[in-house]
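Trainee: Below is one structure. I have some questions about it.
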Amino acid sequence: MTLLLRSSMLICLGLATAAADVPLGLDAFMRVPEENPLTPKKIQLGRKLFFDVALSRDRSVSCATCHDPKLGFTDDRPLAIGIGDQKGTRRSPRLVNRGYGRAFFWDGRASSLEQQVLKPIENPIEMDLALDELMRRLAADEEYTALFEAAFERSPDATATAYALASYLRTIVSGDSPYDRFVAGDFGALDPSRRRGLEIFRGKGGCTVCHLGPNLTDEEFHNTGVGWTDDQTADVGREIVTGSPGDRGAFKTPTLREVALSGPYMHDGSLETLEDVVDFYDDGGVANPALDMDVEPLGLSDAEKADLAAFLEALNGEIREGLR
């Protein structure tokens, strides 16, 4: 069960969090699980955990290693790199605005942030740390034991760790971009090229079929042909969760917020620049039996492509996180 909390309600309830000051353009409502209400003490603890290399087996990486605040809370690698320089199979997703999400990981195998946050810690090619060992580390640390006691009135355990990390992730938000200011009535916020790009985004480019709403994503799963070769795909994507052949090669639509800050692109990091992404969709993706019906050649001119890429840069805004 979830509570639908508005920022002003959070303030009235004394739950002062990042959601209490929502950046321009974002939804003032964020779904928060009833069993894990946002509190400043949970957020403080979650932030400390997020940046701590003690969450990896050899103490070499933290959550922030793959989710760098300076890069929109992702990294600049095509594929994630875990302990021992082990290469993952997918790109590290951006974490901005994941508090608004409905499904997590590229294939949507987690339905809440609470379900998602511990999996990279346990994954042998990511952080490779057993949860019982993590609890021993946290329980042996006086600062952590005090923080868990303050936030949860108990010693460190896996559930409280997940709740704290999820609470912090809900504070990572991005808005107040030139696009948001333009939509709010500041017509000087976008130059002529970006205005033309917005028209293409909403019209000829068909981008709003999947990238819509305040967070510029439908939170659904689509096959665009990325990673598909010889009528097969090395990564079956959503199919691994649903078991449906119709979901083969389908991946979650990412938010476009901070997109110009966080290349390379796609779930496999196969497209280096925004211009490459625009070219990919202009070509109609990669043909395959499960290709999404809305993916088709666009017929954009070189000038239209340049304007669309310029508009995407206008989706970078102000990133906020933690307690403010």
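Just so it is clear, none of the values below were taken in a lab; they were calculated from the coordinates. The shown structure was predicted, so the numbers you read here are calculated from the model rather than taken from an experiment.
Trainee: Could you calculate the contour length gain from Thr208 to Asp230, that is, 0.36 nm times the residue separation minus the distance between their Cα atoms, to one decimal place in nm? Numbers along the way, then the final one.
Mentor: Working: separation 22, 0.36 × 22 = 7.92 nm, distance 2.94 nm.
Stretched out fully, the Thr208 to Asp230 stretch lengthens by 5.0 nm.
Trainee: With the contact rule set at Cα under 8 Å and sequence spacing of 6 or more, what percent relative contact order holds for region 2-173? Please report the intermediate quantities before stating the final value.
Mentor: Numbers: 278 pairs, mean separation 43.4, N = 172.
Worked out over region 2-173, it gives 25 percent.
Trainee: Apply the membrane-span-like helix rule to the chain: whole DSSP H runs, Cα extent along the own long axis of at least 18 Å, mean Kyte-Doolittle hydropathy at least -1.0. List the helices found.
Mentor: Working: long enough: none.
Membrane-span-like by this rule: not one helix.
Trainee: Rounded, prolate or oblate: which one fits the chain, using the alpha carbon gyration tensor with axes a ≥ b ≥ c (rounded when a/c is under 1.5, else prolate when a/b beats b/c, else oblate)?
Mentor: Details: a/c = 2.07, a/b = 1.38, b/c = 1.49.
Oblate shape, in that a/c is at least 1.5 and b/c is the bigger or equal ratio.
Trainee: With springs only between Cα atoms under 10 Å apart, run a GNM on the chain and tell me which of Asp191, Asp180, Asp268 wobbles the most.
Mentor: Residue with maximal mean-square fluctuation among Asp191, Asp180, Asp268: Asp191.
Trainee: Here's another thing I want to ask about it. Any chance you could count the Lys pairs in the chain whose alpha carbons are under 30 Å apart, treating pairs 8 or more apart or on different chains as valid?
Mentor: 19
Trainee: Right, another one. Using only DSSP helix segments of four residues or longer, with each worth -39500 (n - 2.57), what per-residue ellipticity at 222 nm results for the chain after dividing by its residue count and rounding to 500?
Mentor: -8500 deg cm²/dmol
Trainee: Need the full-extension length gain, Asp21 to Asp157, defined as separation in residues times 0.36 nm minus the C-alpha distance. One decimal, nm.
Mentor: Details: separation 136, 0.36 × 136 = 48.96 nm, distance 3.06 nm.
Roughly 45.9 nm would be gained on extension.
Trainee: Take every DSSP beta bridge with both residues inside the chain and express the antiparallel ones as a percent of the total, to the nearest 5.
Mentor: On the way: 16 of 17 bridges.
If I count the DSSP bridges inside the chain, around 95 percent turn out antiparallel.
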